[in-house]
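Novice: Here it is, the structure in full.
The values are calculated or read from the model by the stated rules, or taken from the named source; none is laboratory data. Just so we're clear, the structure is a prediction, and the values are computed from it rather than from any experiment. Reconstructed Cβ throughout: ideal geometry from the backbone, glycine too, with neighbour counts over all protein chains shown. These area figures cover heavy atoms from the full protein model, side chains too; ligands, DNA and RNA do not enter into them. Shrake-Rupley method; radii C 1.70, N 1.55, O 1.52, S 1.80 Å.
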Amino acid sequence: MNDQDLYSLRYPIGDFAYGSVFTPEQTQAHIAEIAGLPKKLTELIGKWGDDRLGTPYRPEGWTVRQVAHHVVDSHINAYVRTKLALTEENPTISPYGEGEWAKLPDYQLDVAPSLVILSNLHHRWVAVLNSLTEPQLQRTYFHPGLKRSFPLSEVIGLYAWHGEHHYQHVYQLAIRNGWLGKNV
């Protein structure tokens, strides 16, 4: 497998364009994507067995199970960061080592609890996101690892991208293996 093939497996929808400025219409579309992710992901992997859940989405990549748990952990962090940005002045957030988190024992659990958490989390997060005014969309948090502040409008775009990015990891794996429409 060449570098381009590996890149396509790792970034099936391309990289996120950090620093992008989004229109209110784009932000509403991003919120709709965030709102729809739990159902979409659950419909894809919710009935899969251990064999499929234990399959890496690419060589040396995470398993489907790890991807599902990661999306939840990442979006929990995003939800908390959103609330911090709305209630504090450019708070410094705490980055986390996602690769190290993926090695923890809870990443070996069944995905069903994480899919339930994702659904309920997004229900609450989308309620907050849909209420934001234009000035609130410009509120920021500071990411010390990336050494920059992120406005919430960009954060919303990032996490819409993030959800689709990981959904496509799993969806493309299912296509490659002929799993679509077959729950095993």
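Novice: Could you work out the mean projected area of the convex hull around the alpha carbons of segment 1-96, in square nanometres to one decimal? Display every interim value, and only then the final one.
Specialist: Numbers: hull surface 33.8 nm².
With every direction weighted equally, the projected area is 8.4 nm².
Novice: So, R0 is 45 Å and r is the distance between the beta-carbons of Val21 and Arg176; what FRET efficiency does that work out to, to 0.05? All intermediate terms of the calculation are to be shown ahead of the outcome.
Specialist: Working: r = 36 Å, r/R0 = 0.79.
Efficiency, rounded to the nearest 0.05: 0.80.
Novice: Still on this structure, I have one more. Not counting the cut sites, what is the longest span of the chain without GluC sites (Glu not before Pro) that DSSP labels loop and that have at most 15 other Cβ atoms within 10 Å?
Specialist: Working: sites that count: Glu60, Glu88, Glu89.
The longest such stretch corresponds to 90-184.
Novice: In addition: Two decimals, Cα atoms only, Kirkwood Rh: what is Rg/Rh over segment 46-111? All intermediate terms of the calculation are to be shown ahead of the outcome.
Specialist: Details: Rg = 14.7 Å, Rh = 13.4 Å.
Radius of gyration over Kirkwood radius for segment 46-111 works out to 1.10.
Novice: Enter the accessible area per residue of the chain (Å², integer; probe 1.4 Å; all protein chains in place).
Specialist: Values: 9650 Å² over 184 residues.
Ligands and nucleic acids excluded, the figure is 52 Å² per residue.
Novice: Estimate the FRET efficiency between Asp51 and Asp106 by the formula 1/(1 + (r/R0)^6), using the beta-carbon distance for r and 25 Å for R0, to the nearest 0.05.
Specialist: 0.80
Novice: Hey, another quick one. Taking segment 41-145, which trypsin sites (Lys or Arg not before Pro) meet the DSSP loop condition and have no more than 13 other C-beta atoms within 10 Å? Intermediate values should be presented prior to the final figure.
Specialist: Numbers: sites: Lys47, Arg52, Arg65, Arg81, Lys83, Lys103, Arg124, Arg139; in loops: Lys47, Lys103, Arg139.
Here the trypsin sites (Lys or Arg not before Pro) that fit, given the DSSP loop and packing criteria, are Lys47, Lys103.
Novice: Ok, one more. Counting other Cβ atoms within 10 Å of each Cβ, which chymotrypsin sites (Phe, Trp or Tyr not before Pro) in segment 115-159 have at most 11 and sit in a DSSP loop?
Specialist: Sites meeting the loop and neighbour criteria: none at all.
Novice: Where the Cα atoms of segment 1-49 are projected onto their three principal axes, how long is each span, largest first, in whole Å?
Specialist: So the extents along the principal axes, rounded to whole Å, are 40, 32, 11.
Novice: Let me ask you something else. Pop out the carbon and sulfur fraction of the accessible area of segment 28-121 as a percent, whole number, probe 1.4 Å. Please report the intermediate quantities before stating the final value.
Specialist: On the way: 2590 of 4680 Å².
Within segment 28-121, the accessible surface is 55 percent carbon and sulfur.
Novice: Work out, in µm²/s and without decimals, the Stokes-Einstein translational diffusion coefficient of the chain at 37 °C, 0.692 mPa s, Rh from Kirkwood over C-alpha pairs.
Specialist: Numbers: Rh = 17.2 Å.
In µm²/s, the coefficient is 191.
Novice: Could you tell me the extents of segment 87-173's C-alpha atoms along the three principal axes, largest first, rounded to whole Å?
Specialist: Largest to smallest, the principal-axis extents are 40, 28, 25 Å.
Novice: Additional query: Under 28 Å between alpha carbons, and skipping anything fewer than 8 positions from Lys103 in its own chain: which lysines qualify?
Specialist: Of all the lysines, those that pass the test against Lys103 - Cα under 28 Å, at least 8 places apart if same chain - are Lys39, Lys40, Lys47, Lys83, Lys147.
Novice: Between Gln4 and Asn90, what is the FRET efficiency for a Förster distance of 35 Å, r being their Cβ-Cβ separation, to the nearest 0.05?
Specialist: Numbers: r = 39 Å, r/R0 = 1.11.
That gives a FRET efficiency of 0.35.
Novice: Hey, what's the Cα Rg ratio for segment 136-184 versus the globular rule of thumb, 2.2 N^0.38 Å?
Specialist: Values: Rg = 16.7 Å, N = 49, 2.2 N^0.38 = 9.7 Å.
Taking N as the residue count of segment 136-184, the ratio is 1.73.
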